[in-house]
Each structure stands twice: as structure tokens, then as C-alpha cells.
Amino acid sequence: MQIPPALSLVLPDPGAPLPPAFELVHGPLAHWSELQPDAVALSNGLEQLGFAQLQARVALQAQALQARRAPATVLLDGSACGLERIVDFLAVIASGRCAAVADPEWPAAVQARIAAQFAQLAPADMPEPGPQTPFYIGFTSGSSGLPKGFRRHHRSWSESFRVSAQDLGVAAAQRVYAPGRLSHSLFLFAALWGLWSGAGVEIQERFSAGRALARLQSAAFPVLVAVPSQLQLMLEWAQRRRAAPVDGVALLLISGARWMRERTPALQALFPGARIVEFYGASEASYIAWMDADPQAPAQAVGRPFSNVRLHIGADPLAGGAHDNGGEPGLIWVRSPMLFIDYVGHSDGSAALRRGDWLSVRDMGHIDAQGWLHLRGRESRMIVTQGKNLFPEEVEARLQAHPQLGQVSLHGVADGLRGHAVHAVLQSPVDDVCPMPDALALAQWCREALEAFKAPRHWWLWQGPWPLTASGKTDHGAIAGALLREGADRDASAPRYLRAWS
């Protein structure tokens, strides 16, 4: 396999062990600053820093942190601009410390509670960082509403960078465009991958579909990392303005939520030169599986595991037996060098499970005869109805494939006859061009592809903006709360009942 000349000097075989400096997330900066000092390392469309400039600023700030004996964990303020935030982040980890990244969208009360976790930390003299040194605390949504902090060591991400080159090939080690907030671990990962590989990165601090497409038209960013909602906005923007195809993207990586695969042909038409890859992972596990986007692929398939990942399906990976549970759905267990260390501060019942070297984020799935992982859904969202297990994600994917529907959230509501009745909450149409299908037609749409018991019996239309978490995923918890109230408040965020069928 060929990789770009700069990276090939230090990583001639992507499958080989990493040189010591490349085992650290920030480690290659010094190398690139000497090899290509004037090459653009970091930009935001308005400002840019070369590798030598970036390395000098990081080293200076790291020395200042050591001089004032900053705490071993430093909470970075989410209000800083993206370029400054990356410099701050790199300085913290270069000093041997761990950077906790705040989300600027946190409510004031949440911000105060998170800040209090770190405010009492004592100043520390830090040794030189190593591969097992904690470098990053990110935050993911918790079931109680307070974010969970997950902590990682350098090797967990340097190994993810290495396997990107090994499994995805030459295109993965080119300049990256990361159009998302750095508080979202996917975009922080993408930015640091561009710096680690020596290819460089451009960030977009506030996502704009039009501006992203304009920058990508420059052909300066062969790698685009995006979440499905961003890609959908790009498709809509390009369609409305009859924009020309974007030829310069060679690799488009999709993660963060389920991609609506029926829209892959339109995405391929917009990025005709791109290899479109979906990958499945988690904040606690990093990469798990990947696949080339294919509208004909089974809806629940998420691909084959990355080459440094091992999977086990079942109740306990230490109990022995077949790794795939005979094709039956069970808990997905992951073993790899990319797993997180632990949670920091608040945790709850949604936390990942550990069994020795194995980890499960409580997703359920199975492995088929071809070795493909199929994701059935999150264990905590499973609905028992009519004595059978239903995973909402499967039905949501089917409904989102309907050309007249947007976002969908499925829920089970206690029912004396069925145990739980299946309720579907639908996103209101943004205009009247595509009217909402009636409930009976939608139920029939489900039954054409799914078992009859999986078709929702109650249908709701969400009023107002669709609820999203800080990471841009559907906030199923907020919708469940409103559904249980049955819209009694009749406010802007109440679901409106459409009808039931029996």
C-alpha cells in the first residue's frame, strides 16, 4: 500500500509498530515542524498556522503550564475559538497533563457542576507523557442529563490513527476538513488525525453547509469527516442552488449516527470522486467496524471490524464458546488497543460494561456468515411488545427510508394488553411540498419490510425544532419525556397525536 511521502518516511508499513514519537497524539508535531515547517498545519478558513508556528506556540504554552504547576487535569473553556482551543489542547497534553474539553452548549448549571469536578485539583509537577498517559477527557450524554466524562490515553488514539492508514488506505492520510465543534469527540479526533499524519486540517467552528461546500470545492481537502445531519444539509443546499459536484474529496467518513443509505447515490453524485465510508464506534471504544456505504446493504449492517479489533457476541466474553453467538443477537463486546481508560466524575446506569480486556457499550447485535457485524440497537432502548424483543433503531431506519419522512423516534409505552405499545414520533415537515403520509400508510410501509408486531400502533407529530443532543443525535430522552406527558402542556415542544390503529 502507498501512503503520502511525508508519512511514509516514518510509517513505511502501516501495519508495523509506531515509532515512539508517533505513539503520542502530539508527538509528531516536532517532526513535522522540522521536515515541513511552512506547510499549513491548522486553519479555519480565515487564519492559518504552519507546523513550525504551531509547534512553537504549543511548546511555549506547555512550558508555562509546567512553570505554574497547573493541575494534572485542565478543563478547557468552550468559549475559545477553534484554533486557540487546539493550541491550548496540544499544550496541555504536551506538558503531560490531561485536557478535559467543555461543551459551549452546556447550560450554566451543568457547566458549573462539571467545572467543580476539576476546580479543587491540586497543582502538579508532571513527568514526560507516555503512550499510557491520560491525555483527553471528553463528555457524552448521560441518562440522567449530566454528561459522563470518558478518559483516554495517548495510545488509544495513536493506534486509531495508525489503523486508519492501514485499513482505509492512502486517501486517509491526506488533508482533513472537520466541520464541527471540537467538543464533539469525532471532530476533535479528525483535527488531531490531520496534525498527527502531517497532512494538516481545516476546522469549521460553526457549521454552514454553503461555506463547507465552497471550501471543499477548492480541492484542498481530500478527506471530509461529517455526521449524517451535516451531509443531509449539504445535499439540500446543493440541490436548491443546483451546485456543481465537488470533485476534490477522495474519502468521506461518516459517523456519529446512522447514515440514511438510500441517500447514498445523491451523496455520491455530489462527491463523485469520493470513497464513502461509514464507521461504527463509540466514545468509549473508538473505532469498532466500517464499511463502504452501499444503499443495497442490509439496514442493520455496520461492516467488518477494524483490523485491530476483536468482537464477541453474547452475555460474557470470558465464558468461552463461539465468538458470534451462533448468529443470535446478543451484547456486542469489543477488545482492541483503542479502548478508553475509565469514566471521570459522574456515571450512571448507561455506563459501559467491562469483562477483563473486553468492553461493551451495551449495543446488541450479531455477526453474519460473511463476518459482518449487524447492529440491532442499544440494550436500554429495547422494547418488549407482544412477548417479543423490538429494537427501535431497526424501525426508525425503515421509517427514515420513506421519501416523505425526516427524523423518527420510537418508544414503548406501558400497555395492559401488549406489555408495551409501540409509539412513533415523527419530525414535522419543514414545508408543504412533501405532505406527511397518514398513519395507516406508514404502518403498511413498515409491514412491507418488517414483522407485523414491529409496526407502530400510535403516531405522533413533533411540534417545533427536533430535539438533539449536544453531539447532534436525536434526543430520545427528551422526546420520551414529552410523550409520557402526552403533550398536556401543549407548548412548542409537545408532540401532537395523529392517530392509532388496531
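The values are calculated or read from the model by the stated rules, or taken from the named source; none is laboratory data. These numbers come from a predicted model, not from an experiment. Ideal geometry is used to build each Cβ from the backbone, glycine not excepted, and the neighbour counts take in all protein chains shown.
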Return yes or no: is Pro131 of a type outside the set (Val, Ile, Thr), free of Cβ contacts under 8 Å to residues at least 40 places away in the same chain and surrounded by fewer than 24 Cβ atoms within 10 Å (Cβ to Cβ)?
no
Taking Arg215, is it touching a residue at least 60 places away in the same chain (Cβ under 8 Å), of a type outside the set (Asp, Glu), surrounded by fewer than 17 Cβ atoms within 10 Å (Cβ to Cβ) and not in a strand (DSSP E or B)?
no
Residues of the range 280-314 satisfying the condition of being aromatic (Phe, Trp, Tyr), part of a strand (DSSP E or B) and either surrounded by fewer than 20 Cβ atoms within 10 Å (Cβ to Cβ) or at pLDDT 95 or above (or both):
Tyr287, Trp290
Can you work out which of the residues in the range 376-393 that are hydrophobic (A, V, I, L, M, F, W, C) and outside any strand (DSSP E or B) is modelled with the highest pLDDT?
Phe391
Subset of the range 267-276, residues closer than 17 Å to Gln296 by Cβ and crowded, with 17+ Cβ neighbours inside 10 Å, comes to Leu267, Gln268, Arg275, Ile276
Taking the range 462-485 as the region of interest, how many residues are surrounded by fewer than 17 Cβ atoms within 10 Å (Cβ to Cβ) and assigned to a strand (DSSP E or B)?
1
Right, Ala165: surrounded by 23 or more Cβ atoms within 10 Å (Cβ to Cβ), touching a residue at least 12 places away in the same chain (Cβ under 8 Å) and assigned to a helix (DSSP H, G or I) or not?
yes
Matching residues in the range 237-266 - criterion: being buried (at least 18 other Cβ atoms within 10 Å of the Cβ) and of a type in the set (D, E, K, R):
Arg258, Arg261, Arg263
Return a yes/no flag: does the range 85-104 have any residue that is farther than 24 Å from Glu284 by Cβ, touching a residue at least 60 places away in the same chain (Cβ under 8 Å) and in a helix (DSSP H, G or I).
yes
If I ask for residues that are of a type in the set (A, V, I, L, M), touching a residue at least 60 places away in the same chain (Cβ under 8 Å) and touching a Gly at 6+ places or on another chain (Cβ under 9 Å), which ones from the range 19-28 would you list?
Leu24
Yes or no: Gly180 farther than 27 Å from Leu224 by Cβ and either outside the structural domain of Pro467 (by TED's automatic domain parsing) or part of a loop (DSSP other than H, G, I, E, B) (or both)?
no
Per the filter on the range 365-404, residues of a type in the set (A, V, I, L, M, F, W, C), in contact with a strand residue (DSSP E or B) (Cβ under 6 Å, 6 or more places away or on another chain) and either touching a residue at least 24 places away in the same chain (Cβ under 8 Å) or surrounded by 21 or more Cβ atoms within 10 Å (Cβ to Cβ) (or both) are Ile367, Trp372, Leu373, Leu375, Ile383, Val384, Leu390, Phe391, Val395, Leu399
